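The next block holds one structure in the form of structure tokens; read it before the comments.
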Amino acid sequence: MPTADRISLNTATVREQWSLAECIEGCQRHGIGGIAPWRDKLHEMGTAQAAKAIRAAGLEVSGLCRGGWYTAEGALTQGVRDDNRRAVDEAAEIGAACLVMVVGGLAEGSRDLAGARAVVEEGLADTLDYARAAGVKVAIEPLHPMYAADRACVNTMGQALDICDRLGHGIGVACDAYHVWWDPELKRQMLRAGPERLLAWHICDWLVPTRDLLTDRGMMGDGVIDLPLLASWAAEAGFEGLHEVEIFSALDWWTRDPDEVLATIVERGATVC
């Protein structure tokens, strides 16, 4: 079970309540050891100012969310390439352990899933070339299959690792329990990733019923995922990073006092993760 200093706050968890500066201060108050900013919050604060504040607070940066979206313009455009290179630069400046990639789904009006995956792999290769030079690790985040059309056409750890095999060093996976807990191949693929490629471990819970497929994730312990079991697989795979809490919760946790949210994260991290 992670102690507070082994937990990281993904800023999406309190995105409706706090700025990045407030998230940094909140992590300090609650003894949370790390933070994972989203780029919109990072841009609001300013990357240089955020990097300085994170260092001053003594926080690790478990990841930067997010790069990717390679299919957003229907093809791999120069604009998409450039935005991902900016994301790499931002990850380097704040000292992020990895740049998390939500790769994109089908182009608008398309049914060509294989084509989308080809565009994604080409885009990842382009970003990776730049990231290697910057010393930034790239982490593919496979998303639940319900997002294959609109958010990410890479949907399993196995798919993501196959891409990593083809692209070589410097790329791995961000394993989010919410997206992959159902996969019967999960343990085998986590072990396949190993410490070199299991770059991030995201936690929350799957609620039954789920009232919204995007913004109704649960706090750890409130749903059906066996988080201690999955965490044991991550440890067996050699993962030694922070347990990053990422909860999209428009109907619950985004409506609460953010200090209550962080206190609950610390409490649940010590008991059910």
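The values are calculated or read from the model by the stated rules, or taken from the named source; none is laboratory data. The model shown is predicted, which means the values in this text are computed figures rather than measured ones. Cβ sites come from the backbone with ideal geometry, for glycine too, and all protein chains shown count toward neighbours.
Tabulated results
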{"read-out": "Scan of region 85-103 for residues that are in contact with an Asp or Glu (Cβ under 9 Å, 6 or more places away or on another chain) and surrounded by fewer than 24 Cβ atoms within 10 Å (Cβ to Cβ), ordered by number", "value": "ARG85, GLY95, ALA97, VAL102"}
{"read-out": "Check on ASP83, assigned to a helix (DSSP H, G or I) and without any contact (Cβ under 8 Å) to a residue 24 or more places away in the chain", "value": "yes"}
{"read-out": "Those residues of region 231-246 which are of a type in the set (A, V, I, L, M) and within 13 Å of PRO2 (Cα to Cα), in sequence order", "value": "ALA231, ALA234, ALA235, LEU242, VAL245"}
{"read-out": "Among (1) out of contact with any Phe, Trp or Tyr (no Cβ under 8 Å at 6 or more places or on another chain); (2) farther than 26 Å from ALA72 by Cα - the single one ALA149 does not satisfy", "value": "(2)"}
{"read-out": "Residue satisfying all of: in region 58-80; part of a loop (DSSP other than H, G, I, E, B) and more than 22 Å from LEU143 (Cα to Cα); farthest from the chain's Cα centre (by Cα) among these", "value": "THR77"}
{"read-out": "Strands (runs of 3 or more DSSP E) (entirely within region 136-234) containing at least 1 residues that are surrounded by 19 or more Cβ atoms within 10 Å (Cβ to Cβ), acidic (Asp, Glu) and within 19 Å of the chain's Cα centre (by Cα)", "value": "171-176"}
{"read-out": "Of all residues in region 91-135 being in a loop (DSSP other than H, G, I, E, B) and among the acidic types (Asp, Glu), the one that is modelled with the lowest pLDDT", "value": "GLU108"}
{"read-out": "Scan of region 58-84 for residues that are more than 20 Å from LEU199 (Cα to Cα) and surrounded by 13 or more Cβ atoms within 10 Å (Cβ to Cβ), ordered by number", "value": "TYR70, THR71, ALA72, GLU73, GLY74, ALA75, LEU76, THR77, VAL80, ARG81, ASP83"}
{"read-out": "Every pair of residues 6+ apart whose Cβ atoms lie under 6 Å, when the first sits in region 164-175 and is over 11 Å from MET101 (Cα atoms) while the second is basic (Lys, Arg) and surrounded by fewer than 17 Cβ atoms within 10 Å (Cβ to Cβ)", "value": "GLY170/ARG132"}
{"read-out": "Region 9-46, residues that are surrounded by 19 or more Cβ atoms within 10 Å (Cβ to Cβ), without any contact (Cβ under 8 Å) to a residue 60 or more places away in the chain and polar (S, T, N, Q)", "value": "THR11"}
{"read-out": "Filter result for GLY135 (among the small types (Gly, Ala, Ser), on the phi > 0 side of the Ramachandran plot and out of contact with any helix residue (DSSP H, G or I) (no Cβ under 7 Å at 6 or more places or on another chain))", "value": "no"}
{"read-out": "Filtered residues of region 176-200 (kept if of a type in the set (Asp, Glu) and either within 22 Å of SER8 (Cβ to Cβ) or without any contact (Cβ under 8 Å) to a residue 12 or more places away in the chain (or both))", "value": "ASP176, GLU196"}
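Listed here are the residues, each with its yes/no results for (1) among the small types (Gly, Ala, Ser); (2) surrounded by fewer than 17 Cβ atoms within 10 Å (Cβ to Cβ); (3) not in a strand (DSSP E or B).
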{"site": "PHE239", "(1), (2), (3)": "no, no, yes"}
{"site": "ASP259", "(1), (2), (3)": "no, yes, yes"}
{"site": "ALA263", "(1), (2), (3)": "yes, yes, yes"}
{"site": "ALA270", "(1), (2), (3)": "yes, yes, yes"}
